[in-house]
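Only the coordinates and a few stated rules stand behind these numbers; no lab work does. No experiment lies behind these values; they were computed from the predicted model shown. All Cβ positions, even for glycine, are placed from backbone atoms using ideal geometry, and neighbour counts span all protein chains on display.
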Amino acid sequence: MPVEADRRATALAWGTSLAVHTLLSAGVFYYGSQGGSEAGGDAPTREIGVVLRQSEQPPSPFESDSLSDADTPVPVEIAPIEPSPTESVSLSPSPFSELLEQLVEPKDPGAGPQASPGGASAPAPPPSGGGRPKLPIGQARVPFLGVEGVGSRFVYVLDRSTSMQGGPLRAVKAHLVASLDAIGPPQQFHILFFNTRVSALDLTGGQNRIAFGTDENKRRAAKYVLSVTADGGTERKVALEEAIAFRPDVIFFLTDDDTPMTANQLDQIVDEASGAVTIHTIEFGKGPNHGRRNFLGELAAQTGGQHAYVDTTRLPR
């Protein structure tokens, strides 16, 4: 019996040992597969080799704080907006001074004093100030392309023949509107454009009278001026006679036709002016004047007016 008991005890011990070792082996295997026991913070961890494939898609520029030169956006150039031609200036209701700023070319702020507009050869009018005589009530000094008229009733007689096309006519329009700015409500004005016939501005509802220089009339006049185009030939005498019939104090007569008037025609115009109408003449020519005298100079001299010469080759195209 004691021998049998010893055998049973030995078998039980081996069975127990085998079970314990089996459990320990299973625990070790499980621990290794999980990278270590949750409770065993000091146990070493296994390094698992992971291969990361390089993505073939380039990284988004938004994932980096800096961009390479190749990634820098190319700026897009916007073509500058060209100013509209004088003829297409918007004429929505606005103060006349604002309209004037749209029509007259601004001076270069870095430039010094400018010569007479368009290269007029006549001397500039004397500056305003104490040295100039005070005008009677209702009169004004009105400049236009190198000459200056004084009075209360002004008529512009302007050539619009084919030869005035382009820069010359644009200059006439801009300087005409600038000239109107010197005319106030007490004064009156009228505008005649001519080629082989006369086109008149009517601001008096068909009454064919000279209009007062209100802002509204000047705005309407500017709109009319902008609509004028160059066309046809030139008939000067009829236009001058129609202007004189309004009995103004001053006529501004502008043309690029220096073909001589006959002595008889010139005398008729001077007689019709009869010492009461001053005619200032503005001549548009190509190249320097060289001081030559023609019928335009004679007409101004015989009616007490001034004569200015404008070299059209110096005008903006």
Relative contact order of segment 263-317: what whole-number percent is it, with Cα pairs under 8 angstrom and at least 6 residues apart?
-> 42 percent
Point-to-point label distance, Glu235-Arg247, nm (Cα→Cβ direction, 7 Å offset) | 2.6 nm
For Leu201, the residues 5 or more places away or on another chain with a placed amide H closer than 5 Å to its own amide H are Ile191, Phe193
With Cβ to Cβ distances under 15 Å as the rule, what net charge do the other residues near Thr313 carry (K, R +1; D, E -1)?
-> +1
